[in-house]
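The values are calculated or read from the model by the stated rules, or taken from the named source; none is laboratory data. Quick caveat, the model's predicted, so the values are computed rather than measured. FYI the Cβ positions are ideal-geometry reconstructions off the backbone, even for glycines, and counts take in every protein chain you see.
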């Protein structure tokens, strides 16, 4: 059932969007057991990623999405989503994410924690490095840009080895360094996209991935 819906979504997205895939050679040969860290602009981001990378995916989704529409909730569950309560203060999302990766899934995470309306890549939250470190898996940075009428650039970065994002959970500086490693990769991928288009990268004074302590 999962593979059927994933294939269906992939076909739909390739029909609806003109996708320009950059650095496809960086897509890992393994079909699971790693994390994708992607910038976040639209609700379409998770299926957009799965449209160009093969594997069995899992991703967090705010619990409100599971309450608005029964069919939509059923659909995203079949596609690998699991609900997360914002501000709940427990470690269930981290635990569920680690379990998903350990079961051989590709966990898609949006480290900014929210969508960017202006294209600026925001600060990295600590969740991605906590999950990667606890699971002992590598992280694949991916950057998406939407423009024009249904045009999409997807830039695939080089896989960041597990040891480069491993942290000491008692050391905030360790967490910031690992988050910065991922944030810098996303910023570099975004710059490559905009350089190729001959356009300036979106900027904002508040955008400092390396300063996050959340």
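Scanning segment 124-152 for residues that are within 15 Å of the chain's Cα centre (by Cα) and not in a helix (DSSP H, G or I) gives 124, 125, 126, 137, 138, 139, 140, 141, 142, 143, 144, 145. Among the residues making up segment 9-48, those that are assigned to a helix (DSSP H, G or I), surrounded by 12 or more Cβ atoms within 10 Å (Cβ to Cβ) and either on the phi > 0 side of the Ramachandran plot or at pLDDT below 95 (or both) are 9, 10, 12, 13, 14, 16, 45, 46, 47, 48.
Kindly indicate whether any position in segment 163-177 is in contact with a strand residue (DSSP E or B) (Cβ under 8 Å, 6 or more places away or on another chain), surrounded by 21 or more Cβ atoms within 10 Å (Cβ to Cβ) and at pLDDT 95 or above. No, segment 163-177 has no match at all.
Flag: residue 120 does not match the condition of being over 13 Å from the mean Cα position of the chain (by Cα), buried (at least 21 other Cβ atoms within 10 Å of the Cβ) and either outside any strand (DSSP E or B) or modelled with pLDDT of 95 or more (or both).
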